[in-house]
1. Can you sort Y142, Y70, Y124 by 1.4 Å-probe accessible area, starting with the largest?
2. Report, in deg cm²/dmol and to the nearest 500, the calculated mean residue ellipticity at 222 nm for the chain, where each DSSP H run with n ≥ 4 adds -39500 (n - 2.57) and the sum is divided by the residue count.
3. Considering only protein heavy atoms, what is the solvent-accessible area of V36 at a probe of 1.4 Å, reported in Å² to the nearest 10?
4. How much accessible area does L25 have with a 1.4 Å probe, in Å² rounded to the nearest 10?
5. With a cut-off of 8 Å between alpha carbons and a minimum separation of six or more residues, what is the relative contact order of the chain in percent?
6. Mind scanning K46/K173; K46/K75; K75/K173 and naming the pairs with a C-alpha gap bigger than 28 Å?
7. Tell me which aspartates and glutamates have Cα within less than 12 Å of K82's Cα, excluding those fewer than 8 residues away on the same chain?
8. Near the amide H of H111, under 5 Å away, which other amide H atoms are found, from residues 5 or more places off or on another chain, if H is placed in the peptide plane?
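The values are calculated or read from the model by the stated rules, or taken from the named source; none is laboratory data. Here the structure is a predicted model, which means the values were calculated and not measured. Ligands, DNA and RNA are excluded from the accessible area calculation, which covers all protein heavy atoms including side chains. Shrake-Rupley method; radii C 1.70, N 1.55, O 1.52, S 1.80 Å.
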Amino acid sequence: MNITEYLIRSIAPHTCAGCGQEGHLLCPTCARNLPVIPKRCYACHKPQADWQPCRACSTALDSVRVCTNYDGVAKQVIAGLKFARAQAAAADIAMQMAHLHADMAPTVITHLPTASRRIRLRGYDQSALIARSLAQQLRIPYIPLLIRMSQHRQVGESRAARQAAARNLFRAKTMPLVRRAHVLVVDDVITTGASLEAAASVLRAAGAARVDAITFAAA
């Protein structure tokens, strides 16, 4: 937690987006009451064991786990993290992700980089905060493995348009750490999955043995 976040929490403590309780943007009780998404293919939403893509939607991603839907309390929590400088929400979100981690064994956790303009406006990358917190909770190394090459925003675009724009969206760095690694890519919200697909393709090309992804909410 940086000094700005510390001062904000000291002067005006965060309140739960669900019940108003002080101390968390998402308290444990409201977290337990979030809608649960069943195991499914992230692209077509057909039921799938272990969250893997179905055969028709198969990509470089081995699985994409999602905690809940992007509405109600979850949407408010993400809004607090992104737009109200509630950086402490990253730990609350990471805790929900940790519950879906039981059957995975990644060797490294990384994040899906946010556009530079958004980072400058917020002062931080919310996905990086979540990934770092998840890594701390699971005691798995967190290493930024991706560099965002394009600043194109994909909000409101179709899946086809997102896929076309995402082809050159990322490049891998720290290449020796990618080779033969089992990478878990963290993001806050998944819409079509095009950005995660692009990131997985880059990591696979760099030598990753397996690429899973986990997000807090599905829009």
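1. Numbers: Y142 50, Y70 70, Y124 20 Å².
Largest to smallest exposure gives the sequence Y70, Y142, Y124.
2. Working: 9 runs with 80 residues, N = 219.
When only DSSP H runs of four or more count, the value is -10500 deg cm²/dmol.
3. Spelled out: V36, probe radius 1.4 Å, area about 120 Å².
4. L25 has an accessible surface of roughly 20 Å² with all protein chains in place.
5. On the way: 415 pairs, mean separation 47.3, N = 219.
22 percent.
6. Numbers: K46/K173 34 Å; K46/K75 23 Å; K75/K173 32 Å.
Distance filter (> 28 Å) returns K46/K173; K75/K173.
7. Within the straight-line cut-off, K82 pairs with D125, D188.
8. L145, L146, V186
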